[in-house]
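Accompanying notes for the structure given below.
Computed from the coordinates by the stated procedures, all read-outs in this text should not be read as laboratory data. In this text the structure is predicted, and so the values were computed from the model without any measurement. Neighbour counts run over all protein chains shown; Cβ positions are idealised from the backbone, glycine included.
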Amino acid sequence: MPKVTPTSSRKYEHIRINLEENVASSLTTGLERLHFIHEALPELDLDAVDTRVTLFGKTLNAPLFISSMTGGTPEAAQLNRTLAEAAQQAGIGMGLGSQRAAIEEPALAETFKVRAYAPDILLFANLGAVQFNYGYGVAQCQAAVDMIQADALILHFNALQEAVQPEGDTRWAGLLDKVAAVCRALPVPVIAKEVGWGFSASTAKRLHEAGVAAVDVAGAGGTSWSQVEMHRAQTDFQRQLAAAFIGWGIPTADSIEQIHAALPEWPILASGGLRSGLDIAKCVALGAQAGGLAGPFLKAANVSLEATVEAIALIRREIQITMFTAGAGDIAALQRTPLVER
């Protein structure tokens, strides 16, 4: 039986709070202001609309992945297995939650090991970038990748969350050079991911220059991890501190637009408040290669595998119908499809 570590205990709290509490940002994603021009005569057959996309050498049946969420607790093991089985059935990608808990307590690695249930999917390992200032390096990154036979490594950037946690890791100085060293040494692509506050174009440029292969904007408009930490808080001081940042961040649409304008050839993944296939299609039209959801899939996985498969199927069909009624027969055409504000 794996021992409960402070990290694994915190991960359990995060799952519970996301399932039970209102943890939404007060900001919107910005996608609601953007609209496709309806094509009344698409000259396409709906079922022939091709939603497939190739990402990091693997073909996905839709520009869709399950965003990094959980792991490191016994309760997370079944959730991750369900999510992985659903991703395998649907032919989409999946990210796992931070594997730090399993680095600290190797017995917890079983809560992340989903490759047996999803042999073909695009699978992302995950560690917190700030851990490079707390003794982590290439060895721990390689261990995270090997643990789950991952196709790429996500380094998540969660400075605000750490800042409002009583136990947060707040030494962020000198981090970029260490990220660059990992990018040079690791044999798989490294993806930089925010956790709900977005990347600016200037930060994206620095990460690109450091050798990061892609960015997941994870912009504002969905789950606010400062709100999650507000619900975890044990004192009024900590609650008020976390609550002050409910409106912080760069909305998802703005982050994609800014980064795509600055680095038009750099792969962008979209997440942060996405709730439908229409949202994902908008992100692709803005310049993203694919979009990820977390909360809706976590809730579905908490019900059953069948509910998760159905949730994925619904989103893929929404993407396909959006493409059809916008006159885009494939993802390349969708990327050239204009959006208008109204």
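Ranked highest first by the average count of other Cβ atoms within 10 Å around their residues, in what order do 232-243, 111-122, 69-80 fall?
For the peptides 232-243, 111-122, 69-80, the packing ranking is 69-80, 111-122, 232-243.
Which number gives the lysine pairs in the chain that have C-alpha atoms under 29 Å apart and are eight or more places apart or on different chains?
Taking the Cα cut-off of 29 Å, the pair count is 24.
Could you work out [θ]222 nm for the chain from helices alone, using -39500 (n - 2.57) per DSSP H run of at least four and dividing by all its residues? Round to the nearest 500 deg cm²/dmol.
Result for the chain, helices only: -12500 deg cm²/dmol.
Report, to the nearest 10°, how far helix 6-20 tilts away from the longest principal axis of the Cα atoms in the chain, using its own Cα long axis and a range of 0 to 90°.
So the helix axis and the longest Cα principal axis differ by about 40 degrees.
Using Stokes-Einstein with the Kirkwood hydrodynamic radius over Cα pairs, what translational diffusion coefficient do you get for the stretch 6-341 at 20 °C and a viscosity of 1.002 mPa s, in µm²/s rounded to a whole number?
108 µm²/s
Hey, can you grab everything whose amide H is under 5 Å from the amide H of Ile66? Only 5+ residues off in sequence or another chain; H modelled, so Pro and N-termini drop out.
Excluding prolines and chain starts, which carry no amide H, the hits are Gly93, Met94, Gly95.
Could you derive backbone 3J(HN,Hα) for the stretch 35-45 from the dihedral phi with the Karplus parameters 6.51, -1.76 and 1.60 (θ = phi - 60°), listing whole Hz in sequence and x where the residue is Gly or Pro?
Karplus values, whole Hz, x for Gly and Pro: 9, 7, 7, 4, 9, 6, 10, x, 6, 9, 8.
Once amide H atoms are placed 1.01 Å from N in the peptide plane, what residues at a sequence separation of 5 or more from Gly273, or on another chain, have their amide H within under 5 Å of its amide H?
Sorted by chain and number, the residues that satisfy this are Gly222, Thr223.
Net charge within 13 Å of Ala244 by Cβ-Cβ distance, Lys/Arg positive one each and Asp/Glu negative one each, not counting Ala244 itself?
Spelling it out: positives minus negatives among the neighbours equals -1.
Length gain on complete extension for the stretch Tyr117 to Glu32, per 0.36 nm per residue less the alpha carbon to alpha carbon distance?
Stretched out fully, the Tyr117 to Glu32 stretch lengthens by 27.0 nm.
Apply the Karplus curve 6.51 cos²θ - 1.76 cosθ + 1.60, θ = phi - 60°, to the phi angles in the stretch 283-294 and return the couplings in whole Hz, x for Gly and Pro.
Couplings: 4, 5, 5, 7, x, 7, 8, 7, x, x, 10, 10 Hz.
So how do Lys205, Lys178 line up by other beta-carbon neighbours within 10 Å, fewest first?
In increasing order of surrounding Cβ atoms, one gets Lys205, Lys178.
Ranked from highest to lowest mean number of other Cβ atoms within 10 Å per residue, what is the order of the peptides 256-263, 89-96?
By packing density, highest mean first, the sequence is 89-96, 256-263.
Can you put Ile319, Ile103, Ile246, Ile37 in order, fewest other beta carbons within 10 Å first?
Ile37, Ile246, Ile103, Ile319
Please give the Cα centre distance for the stretch 144-213 versus the stretch 276-337, rounded to the nearest Å.
Computed from Cα coordinates, the inter-centre distance equals 25 Å.
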